[in-house]
Amino acid sequence: MRYEFINEFVVDASADDVWAIYSSPNFPALSVQLLPNILKSKFILEGDGCSVGTILCVVPEHASLPMCKEKIVTVDHEKRLKEIHTIEGGYLARGCTFSMLSFEILVKEKSSCVIKTVTKYEINDDLATSASSHLHTYLDGCVTLARGVSKHIAEQNAGAAN
């Protein structure tokens, strides 16, 4: 069965400012900073950390979910879209046959935007129940990440104003 979860989070920052964070080579490290209860580490195995083809190693904070490798498969600066496909471990080790996360930054107004996060995965129906608690943690993490990016930008702007 194929599942898709969509979350939209409004941010009081321009789409360009938010996209600068999500498309940055520092985004993996910032993700760990913003999600200390979910991520232990996230580091670059291949590539530059922000371009198509980059492979990242993600180590969860809790051992209940195995380490995974993710590959950046789409970076579209015009659409402000980034797609990351799990290629090994993680939810694939939990029975998913496909797992992908996308971030799209949508203009709302000049100084506000929406961070749209789409999580897609495929899993055998027999395994869906056992994987659901882990997936809820993952989905909550996407919302926490969006909030953290919003706060990070606000702190940067406050520091620049001083």
Taking a probe of 1.4 Å, how large is the accessible area per residue of region 2-161, in Å²?
-> 51
Mean separation of Cα pairs under 8 Å and 6+ residues apart, divided by the residue count of region 2-161: what relative contact order is that in percent?
-> 27
Between residue 24 and residue 127, what is the FRET efficiency for a Förster distance of 41 Å, r being their Cβ-Cβ separation, to the nearest 0.05?
-> 0.70
Compute the separation of the alpha-carbon centres of region 1-62 and region 88-122 and state it in Å as a whole number.
-> 10
How long is the gain from residue 55 to residue 78 if the chain were fully straight, where each residue apart is worth 0.36 nm and the alpha carbon distance is subtracted?
-> 6.0 nm
Let me know the shape class of region 1-94, please: from the alpha-carbon gyration tensor, a ≥ b ≥ c as square roots of the eigenvalues, rounded when a/c is under 1.5, otherwise prolate if a/b is greater than b/c, or oblate.
-> rounded
Pairs of lysine residues in the chain - Cα separation under 22 Å, sequence separation of 8 or more or cross-chain = 28
Quick calc, the chain, dipole around Cα centre from Cβ unit charges on Lys, Arg (+) and Asp, Glu (-), nearest 20 debye, gives 160
For residue 48, net neighbour charge (Lys/Arg +1, Asp/Glu -1) across residues whose Cβ lies under 14 Å away = +1
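The values are calculated or read from the model by the stated rules, or taken from the named source; none is laboratory data. Predicted model only: the values in this text are computed from it and were never measured. All Cβ positions, glycine included, derive from the backbone under ideal geometry; neighbour counts span all protein chains shown. Ligands, DNA and RNA are excluded from the accessible area calculation, which covers all protein heavy atoms including side chains. Shrake-Rupley method; radii C 1.70, N 1.55, O 1.52, S 1.80 Å.
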